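Please read the structure below before turning to the comments.
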Amino acid sequence: MTDEHVVPEDFPREMLVGSLAGSSPKLLMRKVGDRYFAGLTPDELYKRYDACEDVAQQLAVYTQRKIDTEGWGFDETLHRAEMGVENKVRAGTWDFSSAEIAWLMSRTRQIMSEVDSRPADDVPISTAEAAKLLFVSRPHVVKLIEEGTLPLHHVTGRNRFVLTSAVLAYKAKKEAEGKAYFATQTEDSEPLGL
């Protein structure tokens, strides 16, 4: 597991459930490779977190769209979305535990409150979209994120997202630096005597 695969502390970490016959206490574990685990491996936990985060991001967009187009209330829309998730789990389409459903609905609510607190045009964009705005390559945008020049908003799967406002602020700063440099490179007002 790499450093970028960080699972938040509030994400549910469930133990394996099982029973074995006998009178002495037993610990249920499973062997993965050459190690034993009482729950999920770090990579398995990250994959479950990543799936929940991805669904939460999508639900936030879906829920906001329903609020805007259908005129539903915030709590009613979130309740309907939660019922939809639970129906997909019951049908076997999705594989989330009840604790993971509770977490992803809480995360959806958090994402929506973050969206409400920023300007309407300040949305997360991918590194590819940021590269187009800046007229640079996508790997260059990734480098800017890794060195901390552009603040990372969130990661979904292997995709990184930054806020539009951060990209535009960086672009304005670079343009101002370019103009300042160009101003120092103009010809002198006195001729060279040629």
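Annotations
- Every residue from the range 24-33 that is of a type in the set (A, V, I, L, M, F, W, C) and either assigned to a strand (DSSP E or B) or within 30 Å of the chain's Cα centre (by Cα) (or both): V32
- Failed condition for Y36, given (1) at pLDDT below 85; (2) in contact with a Gly (Cβ under 9 Å, 6 or more places away or on another chain); (3) not hydrophobic (A, V, I, L, M, F, W, C): (2)
- All positions within the range 34-66 that are more than 22 Å from the chain's Cα centre (by Cα) and without any contact (Cβ under 8 Å) to a residue 12 or more places away in the chain: D34, R35, Y36, F37
- Residue that is farthest from G84 (Cα to Cα), among those in the range 39-62 that are at pLDDT 90 or above and of a type in the set (S, T, Y): Y46
Yes or no, residue by residue, for (1) assigned to a helix (DSSP H, G or I); (2) within 24 Å of R65 (Cα to Cα); (3) in contact (Cβ under 8 Å) with a residue 24 or more places away in the chain; (4) touching an Asp or Glu at 6+ places or on another chain (Cβ under 9 Å):
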site: A81; (1), (2), (3), (4): yes, yes, yes, no
site: T93; (1), (2), (3), (4): no, yes, no, no
site: L104; (1), (2), (3), (4): yes, yes, yes, yes
site: M112; (1), (2), (3), (4): yes, yes, yes, no
site: L133; (1), (2), (3), (4): yes, no, yes, no
site: H140; (1), (2), (3), (4): yes, no, no, no
site: I145; (1), (2), (3), (4): yes, no, no, no
site: P151; (1), (2), (3), (4): no, no, no, no
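The values are calculated or read from the model by the stated rules, or taken from the named source; none is laboratory data. These numbers were taken from a predicted model, which means no experiment stands behind them. A quick note on method: Cβ atoms are made from the backbone with ideal geometry, for glycine too, and the neighbour counts reach across all protein chains shown.
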